[in-house]
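Student: Sharing a structure, written as structure tokens. Questions coming.
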Amino acid sequence: MRTFTLTCLALFMTLTGSPSQAASDAAVEDFDSIKLYTLKNDQGMTVKVTNYGAIITSITVPDRDGNPGDVVLGYNNVEGYINAVDKPYFGAVVGRYGNRIAEGSFTLDGETYSLAVNNGENSLHGGIIGFDKVVWTVKSADDRSIELTYVAKDMEEGYPGNLDVSVTYTVTDENQLVIDYHATTDKATPVNLTQHTYFNLQGEGEGSILDHELMLNANEFTPVDQGLIPTGKTPNVEGTPFDFTSAKPIGRDIDDDHEQLTFGGGYDHNWVLNKSGEADAPTLAARVHDPASGRVLTVSTTEPGIQFYCGNFLDGRLQGKSGKTYGHRSGFCLETQHYPDSPNQPNFPSTILRPGDTYQTQTVFGFSTK
Ligand code: GLA
């Protein structure tokens, strides 16, 4: 039988003091329950998850020579996550609504709701205390899989409805991390859950990701205004720096003179995924290859969109788990999702979950080498 690895908070905390001392800006009822869990397969892949924010703190996979490397940005103590400058959402599950809702407001069934605003005039990633800053309950855990649950209260951060959320991380022998999201509600509410892991396939802290080659299976994207709110249009990417339909280095066109790149400070946009086949089966969304290590990340999802964000807000002030600083564009996120601001955009696929219905999505991060 495989050994189920559970490292107590004492190890996760390192030497930085008691959890409660650091919890000042988090609505944390029970810091004592925060633990670090390790999932593994038989191929040398390891994934570490904490029930604070349902955060993935580490993913270790081999390079083309078989050398293991940790390919995600993060910390080795919970204070790192709580106190991080600019709150980058390293590794976290984002909710109740991933990405932005314009002016923190939407109207649903004739009622207008005001959300907690935390990004200029907009609400970003669920508000001030989103799902990334709460302690989740561990419903089950073994060495392959962990299910985390959280109950978001009616009107928490301004959202209607008590929302029962479950996120399950499973590691397979094909070097995949499968993420299953599930939610039910007792009042109609917008829901858009995603995973905000920052990858650097060369290894966390190993510099810029601009040489990584990215393919996005998307012919269209959703341009934004200066506040990064979609305009509602979905133009074709052809002939623009947003064309990743064939793999190209992330850095190739990033400094082009293009209004959208100026607004995002680089890539920080949602792409409209090309879809084929069954709606409830994950389809290919993105592939990233790091020529230096040979590592390849493949993202598949049931979601209609993906936010490609290339760490434009990282600026070297954050120091990660191995002591290395996280410089500008030293990690990228591929956040599978519904489009930003959908509750205010009648032409986007709906994000409204109603009582009696079940929110169910799946995203798979697959690792290989070439
Ligand atoms: C998302 C947003 C970005 C930024 C990051 C977190 O990707 O689109 O603008 O807020 O999260 O720093």
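Student: Tell me yes or no: at least one residue of the range 102-112 is assigned to a loop (DSSP other than H, G, I, E, B) and away from the ligand (no atom under 14 Å from the Cβ).
Tutor: The first filter runs over the range 102-112 and keeps only residues assigned to a loop (DSSP other than H, G, I, E, B), leaving 109-110.
From what is left, the residues that are away from the ligand (no atom under 14 Å from the Cβ) are 109-110.
Yes, the range 102-112 contains a residue that is assigned to a loop (DSSP other than H, G, I, E, B) and away from the ligand (no atom under 14 Å from the Cβ).
Student: Can you say whether residue 164 is within 21 Å of residue 350 (Cα to Cα) and free of Cβ contacts under 8 Å to residues at least 24 places away in the same chain, as far as the supplied structure shows? Working first, answer last.
Tutor: Working: within 21 Å of residue 350 (Cα to Cα): yes; free of Cβ contacts under 8 Å to residues at least 24 places away in the same chain: yes.
Answer is yes for this residue.
Student: Which residue, of 242, 221, 199, is within 16 Å of the ligand (Cβ to nearest atom) and either more than 19 Å from the chain's Cα centre (by Cα) or free of Cβ contacts under 8 Å to residues at least 24 places away in the same chain (or both)?
Tutor: Going through 242, 221, 199 in turn, just one is within 16 Å of the ligand (Cβ to nearest atom) and either more than 19 Å from the chain's Cα centre (by Cα) or free of Cβ contacts under 8 Å to residues at least 24 places away in the same chain (or both): 242.
Student: Give the residues of the range 59-77 that are surrounded by fewer than 22 Cβ atoms within 10 Å (Cβ to Cβ) and touching a Gly at 6+ places or on another chain (Cβ under 9 Å), sorted by residue number.
Tutor: 60, 62, 63, 64, 65, 66, 68, 69, 70, 76
Student: While we're on this one: Which one of the conditions (1) in a strand (DSSP E or B); (2) crowded, with 21+ Cβ neighbours inside 10 Å does residue 203 fail to meet, given that it meets all the rest?
Tutor: (1)
Student: Let me ask something else about it. Out of all the residues in the range 300-311, is one or more surrounded by fewer than 21 Cβ atoms within 10 Å (Cβ to Cβ), assigned by TED's automatic domain parsing to the domain that holds residue 350 and among the charged types (D, E, K, R)?
Tutor: no
Student: How do the strands (runs of 3 or more DSSP E) wholly within the range 1-86 filter down when requiring 2 or more residues that are modelled with pLDDT under 95: which remain? Steps first, answer last, please.
Tutor: Values: elements: 5-7, 36-40, 46-50, 55-62, 68-70.
It comes to 5-7.
Student: Can I ask one more? Quick test of your reading of the structure: residue 293 fulfils all but one of (1) more than 30 Å from residue 66 (Cα to Cα); (2) in a loop (DSSP other than H, G, I, E, B). Name the failing condition by number.
Tutor: The one condition residue 293 does not meet is (1).
Student: When the range 129-156 is examined, which residues are found to be over 14 Å from residue 92 (Cα atoms) and buried (at least 16 other Cβ atoms within 10 Å of the Cβ)?
Tutor: Within the range 129-156, the subset over 14 Å from residue 92 (Cα atoms) is 137-147, 151-156.
Matches in the range 129-156: 138, 141, 143, 144, 145, 146, 147, 152, 156.
Student: Go through the range 209-251 residue by residue and tally those that are more than 18 Å from residue 309 (Cβ to Cβ), in a strand (DSSP E or B) and either of a type in the set (Ser, Thr, Tyr) or touching a Leu at 6+ places or on another chain (Cβ under 8 Å) (or both).
Tutor: 0
Student: Report yes if some residue within the range 236-257 is closer than 30 Å to residue 70 by Cα, touching a Cys at 6+ places or on another chain (Cβ under 8 Å) and surrounded by 20 or more Cβ atoms within 10 Å (Cβ to Cβ); otherwise report no.
Tutor: If we filter the range 236-257 for residues that are closer than 30 Å to residue 70 by Cα, which is where we start, we get 241-255.
Right, trim to touching a Cys at 6+ places or on another chain (Cβ under 8 Å) and you get 250, 254.
Now restrict to residues that are surrounded by 20 or more Cβ atoms within 10 Å (Cβ to Cβ): 250.
Checked the range 236-257: at least one residue is closer than 30 Å to residue 70 by Cα, touching a Cys at 6+ places or on another chain (Cβ under 8 Å) and surrounded by 20 or more Cβ atoms within 10 Å (Cβ to Cβ).
Student: Scan the range 268-288 for residues that are touching a residue at least 60 places away in the same chain (Cβ under 8 Å) and either under 13 Å from residue 244 (Cα atoms) or among the hydroxyl-bearing types (Ser, Thr, Tyr) (or both) and jot them down.
Tutor: Taking the range 268-288 as the starting set, the residues that turn out to be touching a residue at least 60 places away in the same chain (Cβ under 8 Å) are 270, 272, 280, 282-288.
Correct list: 270, 272, 283, 285, 286, 287, 288.
Student: Would you point out the residue of the range 301-328, among those that are in a strand (DSSP E or B) and closer than 15 Å to residue 214 by Cβ, that is farthest from the ligand (Cβ to nearest atom)? So that I can check it myself, show each step before the final result.
Tutor: Of the residues in the range 301-328, the ones in a strand (DSSP E or B) are 301, 305-309, 318-319, 325-326.
In the following step, the residues that additionally are closer than 15 Å to residue 214 by Cβ were identified as 306-309.
On the way: 306: 11, 307: 5, 308: 8, 309: 3 Å.
Among them, the one singled out is 306.
Student: Are any residues in the range 252-269 more than 13 Å from the ligand (Cβ to nearest atom) and assigned to a loop (DSSP other than H, G, I, E, B), and if so, which ones?
Tutor: 252, 253, 254, 255, 256, 257, 258
The values are calculated or read from the model by the stated rules, or taken from the named source; none is laboratory data. If you're wondering where the values come from, they're calculated on a predicted model, not measured in any experiment. Cβ atoms come from the backbone with ideal geometry, glycine included; neighbour counts cover every protein chain shown.
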